[in-house]
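Structure, as structure tokens:
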Amino acid sequence: MTDDTSGRFSRRTFVKTTTMATAGLVLPRTLSALTPDAASAEVIRIGVIGCGGRGSGAARDVMRAGGEGVQIVAMGDLFPDRLERARANLAKVASEDAMVEKQFKVTPETLFSGFDAYQKVLATDIDMVILATPPGFRPVHLAAAVAAGKHIFMEKPVAVDAAGVRSVIASAAAAKSKNLAIVAGTQRRHDPAYVSVMRRVHDGAIGELTGGEVYWNQGGLWNAARQAGWSDVEWQIRNWLYFTWASGDHIVEQHIHNIDVANWAMGAHPVRAVGVGGRQWRTDGAYGHIFDHFAIDFEYPNGAHVMSMCRQIDGTANFVGERFVGTRGTTDPSSRITGQQSFTFAGEKKNPYVEEHVDLLASIRTGKPLNEGQQVAQTTLSAIMGREAAYTGQAIVWDELLNASQDLAPPQTGFGSLAVPPVAMPGTTKVARTWNG
Amino acid sequence: MRALVRRLPGVAMVSLAASCPASAPAQESYTDSVTGTLVRFEMVKVPGTDLWIGRTEVTWDLYDAFALSRPDSSEGRSTVDAVARPTRPYGAPDYGWGHAGFPVISVAYTAAQAFGEWLSAKTGKKYRLPTESEWEHVARLAAGTSTDALAWHVANAGGTTHAVGAKPADALGLHDLFGNAAEWVTVRSGRPVVRGGSFRDAAQAIGPSARAVQDDTWNERDPQIPQSRWWMSDAPFVGFRIVREP
């Protein structure tokens, strides 16, 4: 438990705590022995791994949340052009905003590209890292970040397969033992309106939850036309949305937000899922092999069922949201409760993408690091459960999926040829499979 | 007429269904269309000017014909010069409130401008956003009836936009100029402006003088850098109406 001091922040300020004394254990270092003033005086140095629009956006959000107490000091991306674009975009923000100018401190020596960029970012003098690559890479990057003793913000989803979820659960436990913070990009958990409604729901405002519906129905998303000179691997990673090994499919990549709200409301993960789905509209090879619609019946431990529906098809009815039914009322958890204890959130609206960093930074500074790793791993597996119900056509049981031999990582270790995996076929596709199964 | 109404989607159907009040003098008008689509939209002559203005706010039907299509030769220019198309939103910019026949919302000022360029290329006419003074001129002519009866506002809208033309027409024969979606106008410099108020505003706060300047909260929750120049994550109250120059 002494290897968690490699970061500048931890090396200078982490001290042993006596509050968790247990015979035989070397205690984790925390900030709890510091006065709040001393802790808040420290600049938290941050690296970014995965510099697409969301990685750059998360960097901007943590700078909004942290003020002069944070600096972005290192960035890494697989592709040099994406890295440079992200650097230039953030430099432009810095040129227009005096605070960001103080916060954005990357140098040519702290910009890294290539498959090992994440290791190079983690080897710099950072205290915290933002993990925002396509989700297929997340489990490996998370494990490396925890091993390097960094606090972590990671985007959702955090894995694309059962093997990845198991890895994330192990990393979350390791982070806990090292007193490292993990906050995940399921930002509704940090939205004051959702938090306010959910607190009332959990206090019984709508009685016992008996069911619900969650939706993410929208049109199609962006696609990067294949360019001459791109290998199969480069083409697939630049179009990561459309390959299950990289994104988890859209039910995992996007609809996870609403499934997370279902788990939050129910206070549990689903135990069983049955569903349908297919690839009906977005059939061109440019869109890889993922589905364009899913409808899943999730069963929770108390017997309640939550209907989940997600779609990415142009020209169809849009809706993103959640609704739950209880014995004494209903709720749209984004803002209101209807029933015996009706409630409409009227508090201050705050940007949840910033609030998640506010909460993360505060937890680091007070020596009580948030650790959402287990929670977001469970939500990720819940979404995978829905995907597998549709892909295989079978009823998917939580424990079996969690322990399944399912590892979708391609065998490649670099750029080169890589076939497009087959489109899943209900009745034929098996949960236990590899990248091309 | 029934057959005609049945044949026409969205805009035209609604505008035919909700005709001008008998007391209002009928303004000269015409119906235009976009080649290759079933979408129709109506333009009304603005008295005392050479200008025409949309009878309704631009609908999703019409905007989708722009946003979901790829540039082609019918735009009358090479694909190199073609009007850029909006990026795909990550989410539902219509909030699930309604799409066909509803006003387009969540669109950035530059997106509304690009739409005007596209519609001009498609039709061979000069369509664009109104200037602020043009919009004010129209608003002065249109005002005269109670906005409470004519407009969707916070007390009667139920928190959403509504299909265009569902409220009676104003003195000029226009629908929803006040309330429903606030409307982009062009400004000489500085931050973009919407006029007229929206379904989120109190009845007394909408009307000819209602004016809002875009601020950072309108796109606060776009979690990407750079933020979208096409869609605004937190502006479901912003749409637009087009004018046509002679």
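No value in this document is a laboratory result; all are computed from the given coordinates. This one's a predicted model, so the numbers in the text were calculated from it and none came from an experiment. Using ideal geometry, Cβ is built from the backbone for each residue, glycine included, and neighbour counts are taken over all protein chains shown.
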Item to check | Taking N as its residue count, the alpha carbon Rg of region A:334-436 over 2.2 N^0.38 Å | outcome: 1.61
Item to check | Projected area, mean over directions - region A:244-382, Cα convex hull, nm² | outcome: 11.3 nm²
Checklist entry - Anyone know which of A:Thr186, A:Thr366, A:Thr327 comes out most mobile in the 10 Å Cα GNM of chain A? => result A:Thr327
Checklist entry - Can you put B:Ile53, A:Ile130 in order, fewest other beta carbons within 10 Å first? => result B:Ile53, A:Ile130
Checklist outcome for this item: Taking the convex hull of the alpha-carbon atoms of region B:142-217 and averaging its shadow over every direction gives an area in square nanometres of 5.3 nm²
Checklist entry - With a 10 Å Cβ neighbour count serving as the proxy for reagent exposure, in which order, fewest first, do A:Thr380, A:Thr429, A:Thr244 appear? => result A:Thr429, A:Thr244, A:Thr380
Checklist entry - Over region B:58-246, what per residue volume does the convex hull of the Cα atoms give, in whole Å³? => result 124 Å³
Checklist entry - In Å and whole numbers, how far do the C-alpha atoms of region A:57-127 stretch along each principal axis, longest first? => result 32, 25, 19
Checklist entry - Which aspartates and glutamates have a Cα lying under 13 Å from the Cα of A:Lys176, excluding residues fewer than 8 positions away in the same chain? => result A:Asp4, A:Glu372
Checklist outcome for this item: Over all viewing directions the Cα convex hull of region A:206-310 casts an average projected area in nm² of 7.2 nm²
Checklist entry - Stokes-Einstein D for region B:33-170 at 25 °C, 0.890 mPa s, Kirkwood Rh over Cα pairs, in µm²/s? => result 148 µm²/s
Checklist outcome for this item: Least to most buried among A:Val423, A:Val121, by other C-beta atoms within 10 Å and fewest first, runs A:Val423, A:Val121
Next on the checklist: Give me a comma-separated list of calculated 3J(HN,Hα) values for region B:157-166, in order, Karplus coefficients 6.51, -1.76, 1.60 applied at θ = phi - 60°, integers in Hz, x for any Gly or Pro.
Outcome noted: 8, x, x, 9, 6, 10, 3, 5, x, 6
Item to check | Partners for A:Lys102 among lysines (Cα-Cα distance below 19 Å; same-chain residues under 8 apart left out) | outcome: A:Lys92
Checklist entry - Per 10 Å bin, what percent of the C-alpha pairs of region A:231-276 does each bin hold, from zero upward? => result 24, 38, 24, 13, 1
Checklist outcome for this item: Quick calc, A:Ser95 & A:Asp125: beta-carbon distance into FRET formula, R0 22 Å, rounding 0.05, result 0.30
Item to check | Neighbour-limited loop hits for chymotrypsin sites (Phe, Trp or Tyr not before Pro), region A:57-147 (at most 15 other Cβ within 10 Å; DSSP other than H, G, I, E, B) | outcome: A:Phe115
Checklist entry - Is it possible to state the helix-based mean residue ellipticity at 222 nm for chain A, with each DSSP H run of 4+ residues giving -39500 (n - 2.57), the sum divided by total residues, to the nearest 500 deg cm²/dmol? What is it? => result -10500 deg cm²/dmol
Item to check | Cα-Cα pairs of region A:51-191 separated by more than 20 Å (percent) | outcome: 45 percent
Item to check | Kirkwood Rh (inverse of mean 1/r, distinct Cα pairs), the protein assembly as shown, angstrom | outcome: 27.0 Å
Checklist entry - Cα-Cα pairs above 11 Å in region B:197-246: how many percent? => result 76 percent
Next on the checklist: Please compute the contact order of region B:58-246 in relative form: average sequence separation of alpha-carbon pairs under 8 Å and at least six residues apart, divided by the residue count, as a percent.
Outcome noted: 26 percent
